[in-house]
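Heads up, the thing below is written out as structure tokens.
The values are calculated or read from the model by the stated rules, or taken from the named source; none is laboratory data. Model, not experiment: these values are computed from the prediction. Note: ideal-geometry Cβ built from the backbone for every residue, glycine included; neighbour counts use all protein chains shown. Heads up: the accessible areas ignore ligands, DNA and RNA and are worked out on the full protein's heavy atoms, side chains in. Shrake-Rupley method; radii C 1.70, N 1.55, O 1.52, S 1.80 Å.
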Amino acid sequence: MTATDRSIELINAAALAAADKLAHDIIAYDVSDVLSITDAFLLASAPSDRQVKAIVDEIEERLNKDLGAKPVRREGDREARWVLLDYVDIVVHVQHSEERVFYALERLWKDCPEIDLPEEAKATRGKAAEHAKTTAGEEDGELR
């Protein structure tokens, strides 16, 4: 079984919305063969709680406005370290960069097929590492 066309449409729209809000390392997996509760996962991260919230808000707004989709559940809003949007067909995980490294969801789902995302979303790959290098340099007194 593979993700439905509707699931792919939702994943692509969510990935573009996340990219527009400068999310890092956007990736999606087709989990339909291993989970019966959803077709796909979208993972994205950001270096601050405020940015995590902005990404989540943009995804929710865009999917509602463009595709008429509303999440049935939204969790993790208060701390904004790991926010989950459950659209039944897809589940969106937006994590603070530290949580992303710690929980390493990619490791859990690496055997599932990766969903091809729009170029704007693919361009975010490696941004977390780039940001970490820049931030480390600033903390050491080196401005880049």
Whole-Hz Karplus couplings 3J(HN,Hα) for segment 83-91, θ = phi - 60° and coefficients 6.51, -1.76, 1.60, Gly and Pro as x, run 9, 10, 10, 9, 9, 6, 5, 9, 10
Run the 1.4 Å probe and let me know the accessible area of Asp89, rounded to the nearest 10 Å².
50
Just how large is the dipole of the chain about the Cα centre, in debye to the nearest 20, putting +1 at every Lys and Arg Cβ and -1 at every Asp and Glu Cβ?
220
Ranked by GNM mean-square fluctuation in the chain (Cα springs under 10 Å), the top entry among Glu130, Glu114, Glu61 is Glu130
Within the set Gly68, Gly76, Gly126, GNM on the chain using Cα springs under 10 Å gives the largest fluctuation to Gly68
Span from the segment 65-126 Cα centroid across to the segment 23-50 one, whole angstrom
3
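Which percent of the accessible heavy-atom area of the chain goes to carbon and sulfur, probe 1.4 angstrom?
Percent of accessible area from carbon and sulfur atoms in the chain: 51.
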Would you rank Ser97, Ser36 by solvent-accessible area, highest first, keeping every protein chain in place and using a 1.4 Å probe?
Ser36, Ser97
Diffusion coefficient in µm²/s returned for segment 1-128 by Stokes-Einstein, Kirkwood Rh over C-alpha pairs, 10 °C and 1.306 mPa s, is 113
Helix-derived [θ] at 222 nm for the chain: sum -39500 (n - 2.57) over DSSP H runs of at least 4, divide by residue count, nearest 500?
-13500 deg cm²/dmol
Keeping all protein chains in the complex and leaving out DNA, RNA and ligands, what accessible area do you get for Glu106 with a 1.4 Å probe, in Å² to the nearest 10?
50
